[in-house]
Amino acid sequence: MQILFHPYDLELKHTFTIAHDSRDVQPTLIVELRDGAFSGYGEATSNPYYGVTIEKMIASLESIRSIIEEDPLTSPEALWAKVNPYLATNSFAQCALDEAANDLFAKKKGQKLYESWGLSVDENPLTNFTIGIDTVEKMVSKMQELPWPIYKIKLGTDDDLRIVRELRSHTDAAFRVDANCAWTADQTVKFSGELKALGVEFIEQPLPAEDVEGMQKVFAQSELPVIADESCILESDVVKCYGLFHGVNIKLTKCGGLTSARRMIAEARNLGMKTMVGCMTESSVGISAIAHLLPLLDYVDMDGSLLIRNDPAMGVTFDYGKVIYASENGTGALLK
């Protein structure tokens with residue numbers, strides 16, 4: 001195998017704002033694993049919140065280039081285990097490598113990735129479309145620009161309930177809200193009843209990850225289910241979220257890719273928790289990788305490629321929230 005790096009700056013269609021970040025450009029790294037006529041692609045974005053840069057990801061992967069290129073790729077899981085001692089502190093780099101390995105492995109088998117896992121895509125959940133924090137007028141405009149069956153609304157302002165009320169007056173779509181750690185336990189409990197009445201399905205990560213006592217109160221008293229995000233990063237976090245959240249939102253970049261995400265999903269399901277996978281504004285490479293996990297999920301947030309104007313890749317597409325798989329084997333991703 002040969003490993004190649006393709007860094008890009010993804011230009012967002014609109015300024016994307018959440019409780020602790022705002023950006024117009026999203027740097028990303030696409031990793032290619034090439035073996036003869038086959039190429040597998042994986043992706044991870046930079047993230048200042050977690051101290052991840054493109055340069056750090058490339059440096060981490062370059063440091064083990066010989067290990068990667070000499071591996072026979074008997075399975076993506078075996079490669080993940082082999083490189084994990086070196087990449088455990090850079091899960092974003094491991095994610096990009098693992099996605100590429102899964103893509104390449106399935107392509108060489110002549111199968112779509114979900115087929116290689118023995119999954120059926122007949123009952124996939126729909127993806128939401130995310131509305132970042134903005135003026136209410138601009139948030140409404142974003143919904144009108146792309147009519148969608150489910151919207152995830154980023155919150156964390158001084159006027160969150162008014163925002164949801166106003167958005168509700170413009171659409172019958174289902175809502176999900178994500179406070180990105182910006183609320184208190186009392187706020188969350190207080191908001192939950194009205195949000196439920198406004199057609200909100202669940203609340204994602206209302207409190208800071210370290211506020212365990214607050215989440216105990218929210219879990220006991222909230223009128224809506226609560227889904228962990230920042231509280232569920234690594235595989236070991238799933239069991240820690242049991243009894244504090246009703247479900248977990250797994251990010252491939254944070255946990256180290258598809259291999260670890262599948263283990264996290266299996267553990268959450270065994271615990272009776274809802275399962276969700278989210279994205280980090282990736283291109284069609286990362287989004288196409290997520291698509292193959294859909295049969296295992298209750299919810300999904302994989303709208304990253306819809307938020308950018310200069311997608312460097314092709315892969316899955318969407319029809320009003322429904323994922324349409326590419327004809328290509330593997331994840332379906334190809335660079336343009």
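The values are calculated or read from the model by the stated rules, or taken from the named source; none is laboratory data. Just so it is clear, the structure is predicted and the values come from calculations on it, not from any experiment. Because the Cβ atoms are built from the backbone with ideal geometry, glycine has one as well, and the counts that use them run over all protein chains shown.
Return only the number of the condition from (1) modelled with pLDDT under 95; (2) closer than 25 Å to THR281 by Cα that SER141 does not satisfy. Here SER141 meets the rest and fails (1).
Residues considered: ALA96, ALA88. Of these, the only one that is of a type in the set (A, V, I, L, M) and at pLDDT below 95 is ALA88.
In segment 7-45, the residue that is farthest from PRO72 (Cα to Cα) out of those that are without any contact (Cβ under 8 Å) to a residue 24 or more places away in the chain and more than 19 Å from the chain's Cα centre (by Cα) is ALA37. Report whether or not GLN187 is more than 30 Å from ASN84 (Cβ to Cβ), more than 24 Å from the chain's Cα centre (by Cα), of a type outside the set (Phe, Trp, Tyr) and surrounded by 15 or more Cβ atoms within 10 Å (Cβ to Cβ). So GLN187 fits the description; yes. Scanning segment 144-163 for residues that are touching a Phe, Trp or Tyr at 6+ places or on another chain (Cβ under 9 Å), farther than 15 Å from PRO206 by Cα and either surrounded by 18 or more Cβ atoms within 10 Å (Cβ to Cβ) or among the charged types (D, E, K, R) (or both) gives TRP148, ILE150, TYR151. Against the list (1) in a helix (DSSP H, G or I); (2) touching a Cys at 6+ places or on another chain (Cβ under 7 Å); (3) β-branched (Val, Ile, Thr), the condition ILE265 fails is (2).
One residue alone among VAL248, VAL238, VAL316, VAL300 is buried (at least 21 other Cβ atoms within 10 Å of the Cβ), under 30 Å from ALA185 (Cβ atoms) and over 14 Å from the mean Cα position of the chain (by Cα), and that residue is VAL238. Quickly run through segment 245-275 and pick out the residues that are polar (S, T, N, Q) and closer than 13 Å to ASP229 by Cα. Result: ASN249, THR253, THR275. If you filter segment 104-119 down to residues that are out of contact with any helix residue (DSSP H, G or I) (no Cβ under 7 Å at 6 or more places or on another chain) and in contact (Cβ under 8 Å) with a residue 24 or more places away in the chain, you find that the one that is surrounded by the most Cβ atoms within 10 Å (Cβ to Cβ) is LEU104.
Evaluate segment 269-276: report whether one residue or more is closer than 30 Å to GLY330 by Cα, of a type in the set (Lys, Arg) and part of a strand (DSSP E or B). Within segment 269-276 (the criterion being closer than 30 Å to GLY330 by Cα, of a type in the set (Lys, Arg) and part of a strand (DSSP E or B)), the answer is yes, since at least one residue qualifies. Within segment 30-83, the set of residues being within 18 Å of THR253 (Cβ to Cβ), in a strand (DSSP E or B) and out of contact with any Gly (no Cβ under 9 Å at 6 or more places or on another chain) comprises ASN47, VAL52.
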